[in-house]
Amino acid sequence: MLKLSISAAATRSAATRASAATPRSIQVSAIRPASSASKPAVHNASSPGSSSGRWFLPVTAIVAAGAAYKYYQQSEPIVIDTAATEIPAGVDIDSILYAQSSITTLASASNVSPAGLRLDSCTVGSNNPSEDRIAALSLGPTSQLFIVADGHGGGQCAQIVVDHIAPYIAQELKNRGAVSTVTNGSWWWPTASPATTASSADRSQLVTESISAAFERLDSDIINGAFMAPAPKISKASLADAEAHQQAFNASIASAVAGSCTLVALVDGQDLFVSCAGDSKAILGSRNEDGSFEAIDLSVENRPDHPEERERILGEHPGEDPNMLVGVRPNYDDAVRVLQYIAISRALGDAFLKWPITTAQSLPEPLVTKKTVPHCVTPPYVTATPLTTHRRITASKDLFMILCSDGLTDELSSKEAVSIVHGFMRVAQAVEKGTNRVWGKDPLTHQKGWVLDRDDNAAACLVRNAFGGKDDAVSRILSVEYPDSRDVRDDVSVQVVFFRGDASNDGVHVDTLVEDARLGASRFPVKRGLDSVNLSLAQQKVAQLPKWIQWLEASKSAK
């Protein structure tokens with residue numbers, strides 16, 4: 001978590017410092033641990049050819065995924081320059097916050113379905129390029145799908161996820177008889193009658209199973225090379241050009257060995273399904289009768305330090321050392337990791353933790369495979385199966401939902417995030433002041449000093465305040481360039497979905513947000529509606545990895 005205090009002095013863990021390294025000064029008011037908890041721990045202890053010893057880059061990763069696939073590990077202390085109080089020159093905060101921000105009006109306030117009325121989104125990278133991806137699609141006249149994919153080890157897997165998870169979900173729903181075609185290629189599934197408890201429960205289970213199956217099928221395609229470049233046929237010509245084909249393999253295998261924490265929210269009428277594989281988060285902002293706002297976590301961060309996840313992992317690998325299966329890597333940091341390597345227990349991709357031993361042994365060295373993760377003997381160790389929650393949206397209470405990568409929740413609690421959006425709505429005059437003396441005035445907003453009147457986009461408002469709110473703090477954080485930026489902030493992606501609300505509630509005027517979006521169109525683009533899901537992207541794919549292995553073995557024999 002960022003420590004937003006200019007007087008704070010922070011240093012690296014002793015294990016990640018080089019004893020002879022010279023401390024370097026970064027003029028910034030924040031510092032974070034050397035490794036984001038959800039990112040893989042680097043096992044290399046040195047970097048051949050590096051004169052300074054500042055960054056450790058696994059040589060194996062270079063061949064596997066090229067320059068984009070880098071796991072950095074800091075080797076020296078960071079010293080905060082407390083004298084740096086001026087705003088860094090040349091930092092245009094709004095340009096950075098709004099470079100990848102948008103507002104989308106989803107439906108009119110009077111429309112009975114779907115529930116989503118407006119979508120605000122914002123992405124600010126720390127990696128170069130950013131490994132986060134977000135998307136939103138329509139599954140039909142009653143349904144909307146919102147996606148946050150937080151990549152690690154590169155953005156290749158996250159890109160595949162945002163492009164394909166929606167059609168895979170639609171296909172699985174269709175396979176289970178839950179979806180019917182209507183005009184213009186839209187998709188829908190019957191909404192169970194609220195009076196029919198059994199049918200509602202059956203429908204909830206059907207949707208949950210469909211989402212899980214979609215995650216698992218997409219993950220299978222990813223790790224088996226369905227998104228890799230096609231393998232060449234074994235021939236004299238291809239073997240004669242072995243070096244070029246080897247380079248193609250090295251580049252495209254990144255789509256399998258990279259990983260993605262994946263968060264999906266499906267809004268169907270008043271039904272809300274949230275599925276998470278990873279440590280991204282969904283938070284509901286619900287308004288009580290007295291005007292106070294309640295933060296309700298809709299997802300569970302899938303980390304191995306959670307008791308349920310720990311027990312699941314230990315149960316799936318009997319006889320293996322529990323402290324190695326789920327433990328802290330010695331002399332690295334305090335994050336609990338699977339195999340002391342990765343601090344998430346569910347994700348798509350990360351093939352080197354899922355491939356069978358025979359597959360790993362068939363791949364050429366050097367390569368990021370299980371060979372670089374000690375004690376990986378009975379894979380898989382990470383699962384793509386998400387945990388899914390379901391709830392009915394209460395129009396009179398549930399006003400918005402926040403979906404975000406852990407780059408936001410590393411800095412803001414759920415309550416803080418909801419407080420900021422509450423304040424944003426107050427400034428936009430979308431909600432009246434509450435009647436409760438405490439929450440009506442939202443003391444959290446006043447105590448924290450949130451900056452609420454600078455942004456027309458709620459997601460950008462959240463990111464601004466996660467970085468400190470005031471210009472001097474935000475500027476210092478944004479002024480740090482990659483790769484040093486990884487010490488200060490993570491990639492941050494946020495979606496804020498405003499629900500239609502209850503027109504009879506005099507204290508809530510969510511339609512104001514739609515009108516504000518229209519008025520703001522002269523200053524930034526406002527999108528109208530969501531693109532429809534493209535079901536053709538869910539068609540059966542060919543696993544290229546087995547074909548590549550055959551060619552690689554033939555190439556090796558031909559030498």
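The values are calculated or read from the model by the stated rules, or taken from the named source; none is laboratory data. Computed from a predicted model, the values in this text were never measured in an experiment. Cβ: placed from backbone, ideal geometry, glycine included. Neighbour counts: every protein chain shown. Heavy atoms of the whole protein, side chains included, go into the accessibility calculation; ligands, DNA and RNA do not. Shrake-Rupley method; radii C 1.70, N 1.55, O 1.52, S 1.80 Å.
Find which of L272, M324, L412 sits farthest along the positive direction of the dipole of region 266-425, computed with +1 on the beta-carbon of Lys and Arg, -1 on that of Asp and Glu, about the Cα centre. Toward the positive end, the furthest listed residue is M324. Annotation: aspartates and glutamates with alpha-carbon distance below 18 angstrom to K470 (same-chain offsets under eight excluded): E86, D92, D94, E411, E416, D453, D455, D456. Ligands, DNA and RNA left out, the 1.4 Å accessible surface of region 252-316 is 45% carbon and sulfur atoms. For G468, neighbours were defined as the other residues whose beta-carbon sits under 10 Å from its Cβ, and their charges (Lys and Arg +1, Asp and Glu -1) total 0. Hey, which of these cross-link pairs are over 25 Å Cα-Cα: K236/K556; K236/K541; K233/K541? Beyond 25 Å: K236/K541. Shape of region 298-390 from the C-alpha gyration tensor: prolate (a/c of 1.5 or more and a/b above b/c, with a ≥ b ≥ c the square roots of its eigenvalues).
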